1. Starting from the Cα-Cα distance between residue 322 and residue 433, subtract it from 0.36 nm times their residue separation and give me the gain in nm to one decimal.
2. Report the FRET efficiency, 1/(1 + (r/R0)^6), for residue 375 and residue 66, where r is their Cβ-Cβ distance and R0 is 22 Å, rounded to 0.05.
3. Just to make sure I understand: if all protein chains stay in place, what is the order of 195, 270 by accessible area at 1.4 Å, largest first?
4. Let me make sure I get this right: for region 151-234, a, b and c are the square roots of the gyration tensor eigenvalues over alpha carbons, sorted descending. Under 1.5 in a/c it's rounded, otherwise prolate if a/b > b/c, else oblate. Which is it?
5. Take 370, 470 and sort them by solvent-accessible surface of the protein heavy atoms, 1.4 Å probe, largest at the top.
6. So which GluC sites (Glu not before Pro) in region 278-384 are both in a DSSP loop and have at most 10 other Cβ atoms within 10 Å of their Cβ?
7. Please compute the net charge surrounding residue 91, taking Lys and Arg as +1 and Asp and Glu as -1 over other residues with Cβ under 14 Å from its Cβ.
8. Would you kindly find the accessible area of residue 163, with a 1.4 Å probe and non-protein molecules such as ligands, DNA and RNA excluded, rounding to the nearest 10 Å²?
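The values are calculated or read from the model by the stated rules, or taken from the named source; none is laboratory data. Quick caveat, the model's predicted, so the values are computed rather than measured. Neighbour counts are summed over all protein chains in view; Cβ atoms, including those assigned to glycine, are modelled from backbone coordinates with ideal geometry. Surface accessibility is based on the protein's heavy atoms, side chains included, excluding ligands, DNA and RNA. Shrake-Rupley method; radii C 1.70, N 1.55, O 1.52, S 1.80 Å.
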Amino acid sequence: MAKVKSSKAKQQHFKATVSPKPKPTYNKELEIRSTFQELLIYIIFLIDLCILTFGMVSSNMYYLNKVIATLFLETSVPGEDRTNFKSISTVTEFWKFMEGPLLEGLYSDSWYNAEVLYQLKNTSRIYYENVLLGVPRVRQLKVRNNSCIVYPKFQSLMDECFDRYTVKNEDRSDFGPRQVPEWRYSPSTSSLKHWGVFGVYDNGGYMFTLPESKTEAKKKITFLKLNSWITRGTRVIFIDFSLYNTNVNLFCIIRLVAEFPAIGGVLTSWNFYSVKLLRYVTHFDYFIASCEIIFCIFIINFIVQEIKKMKEYKYAYFKSFWNLLELLLLSLSILAISVNIFRTSQAYHLLGQLLEKTQEYPDFYFLACWQIRYNDMVAVNIFFAWIKIFKFISFNKTMSQLSTTLSHCIKDIIGFAIMFFIIFFAYAQLGYFVFGSQVDDFSTFENSIFTQFRIVLGDFNFANIEEANWVLGPTYFITFIFFVFFVLLNMFLAIINDAYSEVKTDYSIGRRPESELANQIKTEIESASQMKKWKERLEQKYYSSETPDAYRPVTQQEFRDRAREGIAPCQHKIKQSNEKDFCYKNMTDVQAKVRSYYAITSAFFYTTLSFLLHSHL
């Protein structure tokens, strides 16, 4: 029995001495610290992304486009001040533009006093600073005859019918002088298509290039004009050429488009793309390259972090809005990096080949399109990158109120949006059918939708609506303003205002979503403020400003009271929260300060007492 009791006693003693294995607990300080680190890293990433994007564009791009557009779009035909590329409406005016403003703008190699500025061969300087790369190209697309059906009773008046352009209706047969290549169809060499007003056009067609000499170019245009290169089946003509400005290291790719719709007339449009195809030339360009490398490193790091989160949270990961936004940012970033690598490799691969063909048309339009796509991807990416900032500033009371307001009224907004767009699209269809044939703002259903948004914002032309239909015009306008502007928009504001009032009331009585980051910041501020008050009260109580470096006598009971004042808040905090380590640290600091003050005062008290006793004796 004694041995059994002794063994049990040893087991109890062993259990008492060996501490149990600690259970995993939720560490708030660790989460807050990681949140701060994530915020700091993301700010660095955002700064890097901003530097990268601002380094891609410059104001020179806008001014180069403006200068070249003014030269080719607004220069009038000699003798006809009102005829320029923008105002072309007939085939005759188009040929006048080709022979006049186009050739004058393309072939400029002398100064205002007829002094020859450049002795280089096979080059033309537009505005004396922009080198014409290769030669311009003119290309047309046609449709074949009988591509549409003529009503039988009108066949005696017109037996030919040319439909709108489609790939199915395209005419690829030779016409005109058979031996001349300008009348032969050339197949498409690129998959890029042009979106025009009246159709989507292929990259092939009947094409010719202008010679390097202005005189020869004018002769060629005159020859094509006399031999009817433009026919009734012509649906579009493209004028393509490219420039390079060495002063600002920019390429300008120009496309002038003249569409000949089936309804007759000519409709002109244009594209001017100023892009930087030679990316790394100056020291600043290499700095941008280093920012691109840093951006790729950040993306790799973010991908690894998101994969870890997916493995940890599994399907719950996709329930968070910020996680979905992070996936969108990463997807756009990966796509932008891929396009950048492809565009850069293609630019350096094709640039040398295109520049060597001085007597041919260098197709820089392909490279410009990829550059524009890359810019669009980066623009969308940086937009969502800035939106993600709201994830980290939610600890702010104002920002928290805004996000909480939107989350409270999202269901009401969805219901309101359904009702709003039912009425909105009903009015858009009404405007399109009533005014579409007479008012440009309602010429298409899409234009009608955008016009109604402009009416809501106060931008409208009531006179055109009234002229189109003097009965339905005012009725449409008045009822649209009443129901959409006065009723629906005010209902939308009422939904937002009601939700905001509820959220503000909840915040005023203390019911607000908890933010660990906000609580930690608030705790640190309150702790610092409390310690400052303790210090001021101790100095006021025990330090005399009249006698320098002298402390008043104090009893031990007074010091104990001071110690309790500093320790009591932390003891209460231990009972009410899990931040034991933080409070324990504060308790230790307060006790240490009290002991030091007590030791100094006690020493001073006993020294003074001994000195008085010694003097008395």
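1. Stretched fully, the residue 322-residue 433 segment lengthens by 35.6 nm.
2. According to the calculation, E is roughly 0.75.
3. Putting 195, 270 in descending order of accessible area: 195, 270.
4. Judged from the Cα gyration tensor, region 151-234 comes out oblate (a/c at least 1.5, b/c at or above a/b).
5. 470, 370
6. When the GluC sites (Glu not before Pro) of region 278-384 are filtered for loop state and at most 10 Cβ neighbours within 10 Å, nothing remains.
7. Here the count lands on +2.
8. 50
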